[in-house]
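Enquirer: Sharing a structure here in structure tokens format.
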């Protein structure tokens, strides 16, 4: 929907300011790129309704907009918008409301979509511990080159065992792996929040093997501080992490695993769910994930309950 035209100068100015703000707040690159696109559609909707500014935004208007989205066809694949797409539209309005409040605007319109479609986690896509073991095992043959195999396994360790977001993994440097303290220093967390994540000896050995055996084999890797480097010795970006995860999934040749919709963020959901299943208190899981509130972690309790009912 990035091709939607908006005539209103004020709307276009706000869109540019909103995107710049996302960058300053150090949101993930995908968020910086896509959230303004979703907000553009909302502004396009307002403009089509004859509104010329954001002062007209109310909870009722947002609700009407969600009803429009729920009935709008997917422009790419046809059919209705997926749960994930609807969730991203809601996320864009949540971020926009935060942006307005941080800029001193007195807005408090509702942004929650009251529908079952807004659950951004599909229980059937949650990987079990057994399935995660299959992914780790598949790293032994996920690529013809051993240095890629070591890197794949280290990547899974960071995304699953340490529960990092994709952008947090992208921004890790070698120096952020604190071997003596058994910690991972996450310097670029969500909203620029730093945290330390504990890591056990087994997972530290996986990272040690990658850093000291495999990473030096990547071209010009010594010129980069990045933990994960690509074939050119530069920092490995988010899309590369997603592409390698797909390769690992395909390497398992497991139909159940391959039928799931798995992304780097799915591994974060998986570790949270698995830890809760094994009795870790929700408060500890919330700190482990770097959530700003316990409310963000509550959904994993619902997921565990649904899994137990299956």
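Enquirer: Residue 278 fails exactly one of the following numbered conditions: (1) over 18 Å from residue 175 (Cβ atoms); (2) within 17 Å of the chain's Cα centre (by Cα). What is the number of that condition?
Expert: Result: residue 278 passes all but (2).
Enquirer: Restricting to segment 50-67, name every residue that is free of Cβ contacts under 8 Å to residues at least 24 places away in the same chain and either in contact with a helix residue (DSSP H, G or I) (Cβ under 6 Å, 6 or more places away or on another chain) or closer than 19 Å to residue 7 by Cβ (or both).
Expert: Taking segment 50-67 as the starting set, the residues that turn out to be free of Cβ contacts under 8 Å to residues at least 24 places away in the same chain are 50-51, 55-56, 60, 64-65, 67.
Within segment 50-67, 50, 51, 55, 56, 65 qualify.
Enquirer: Do we find a residue being assigned by TED's automatic domain parsing to the domain that holds residue 288, surrounded by fewer than 14 Cβ atoms within 10 Å (Cβ to Cβ), under 16 Å from residue 172 (Cα atoms) and under 19 Å from the mean Cα position of the chain (by Cα) anywhere in segment 253-264?
Expert: So the first thing to find is which residues in segment 253-264 are assigned by TED's automatic domain parsing to the domain that holds residue 288, and the list is 253-264.
The next check asks that each one be surrounded by fewer than 14 Cβ atoms within 10 Å (Cβ to Cβ); those that pass are 253, 255-256, 258-259, 261.
Filter once more, keeping what is under 16 Å from residue 172 (Cα atoms): none.
Checking segment 253-264: not a single residue is assigned by TED's automatic domain parsing to the domain that holds residue 288, surrounded by fewer than 14 Cβ atoms within 10 Å (Cβ to Cβ), under 16 Å from residue 172 (Cα atoms) and under 19 Å from the mean Cα position of the chain (by Cα).
Enquirer: From the list 299, 268, exactly one residue is assigned by TED's automatic domain parsing to the domain that holds residue 138 and closer than 21 Å to residue 176 by Cα. Which is it?
Expert: Details: 299 fails: closer than 21 Å to residue 176 by Cα.
That would be 268, the only listed residue that is assigned by TED's automatic domain parsing to the domain that holds residue 138 and closer than 21 Å to residue 176 by Cα.
Enquirer: Counting only residues that are touching a strand residue (DSSP E or B) at 6+ places or on another chain (Cβ under 8 Å), give me the helices (runs of 4 or more DSSP H) lying completely in segment 191-262 with at least 1 of them. Spell out the reasoning first.
Expert: Working: elements: 201-209, 238-252, 255-259.
Result: 201-209.
Enquirer: Which ones in segment 172-190 are in contact (Cβ under 8 Å) with a residue 24 or more places away in the chain, in a loop (DSSP other than H, G, I, E, B) and touching a strand residue (DSSP E or B) at 6+ places or on another chain (Cβ under 9 Å)? Outline the logic, then answer.
Expert: Initial filter on segment 172-190 (in contact (Cβ under 8 Å) with a residue 24 or more places away in the chain): 172-177, 179, 184, 186, 188-190.
This time we only want the ones that are in a loop (DSSP other than H, G, I, E, B), so: 172, 179, 188-189.
Listed by number, the residues that qualify are 172, 189.
Enquirer: Only one of (1) under 24 Å from residue 253 (Cβ atoms); (2) in contact with a helix residue (DSSP H, G or I) (Cβ under 8 Å, 6 or more places away or on another chain) is not met by residue 162, so which one is it?
Expert: Against the list (1) under 24 Å from residue 253 (Cβ atoms); (2) in contact with a helix residue (DSSP H, G or I) (Cβ under 8 Å, 6 or more places away or on another chain), residue 162 comes up short only on (1).
Enquirer: Still on this structure: Exactly one condition in (1) assigned to a helix (DSSP H, G or I); (2) closer than 21 Å to residue 265 by Cβ; (3) at pLDDT 80 or above is not met by residue 27; state its number.
Expert: Among (1) assigned to a helix (DSSP H, G or I); (2) closer than 21 Å to residue 265 by Cβ; (3) at pLDDT 80 or above, residue 27 violates only (1).
Enquirer: Can you confirm whether residue 29 is surrounded by fewer than 12 Cβ atoms within 10 Å (Cβ to Cβ) and either in the same structural domain as residue 104 (by TED's automatic domain parsing) or touching a strand residue (DSSP E or B) at 6+ places or on another chain (Cβ under 7 Å) (or both)? Show your work before the answer.
Expert: Values: surrounded by fewer than 12 Cβ atoms within 10 Å (Cβ to Cβ): no; either in the same structural domain as residue 104 (by TED's automatic domain parsing) or touching a strand residue (DSSP E or B) at 6+ places or on another chain (Cβ under 7 Å) (or both): yes.
No, not satisfied.
Enquirer: Would you check which residues across segment 38-49 are free of Cβ contacts under 8 Å to residues at least 40 places away in the same chain and either within 30 Å of residue 187 (Cα to Cα) or surrounded by fewer than 17 Cβ atoms within 10 Å (Cβ to Cβ) (or both) and list them? Before the answer, list the steps.
Expert: Looking only at segment 38-49, we keep the residues that are free of Cβ contacts under 8 Å to residues at least 40 places away in the same chain, and these are 40, 43, 45-46, 48-49.
The answer is 48, 49.
Enquirer: Looking at segment 89-103, I want the residues that are farther than 23 Å from residue 67 by Cβ and have a partner that is in a helix (DSSP H, G or I) and modelled with pLDDT of 85 or more with Cβ atoms under 6 Å, at least 6 apart or on another chain. Which pairs are those?
Expert: 99/18; 99/21
The values are calculated or read from the model by the stated rules, or taken from the named source; none is laboratory data. Bear in mind the structure is a predicted one, so any value in this text is a computation, not a measurement. Note: ideal-geometry Cβ built from the backbone for every residue, glycine included; neighbour counts use all protein chains shown.
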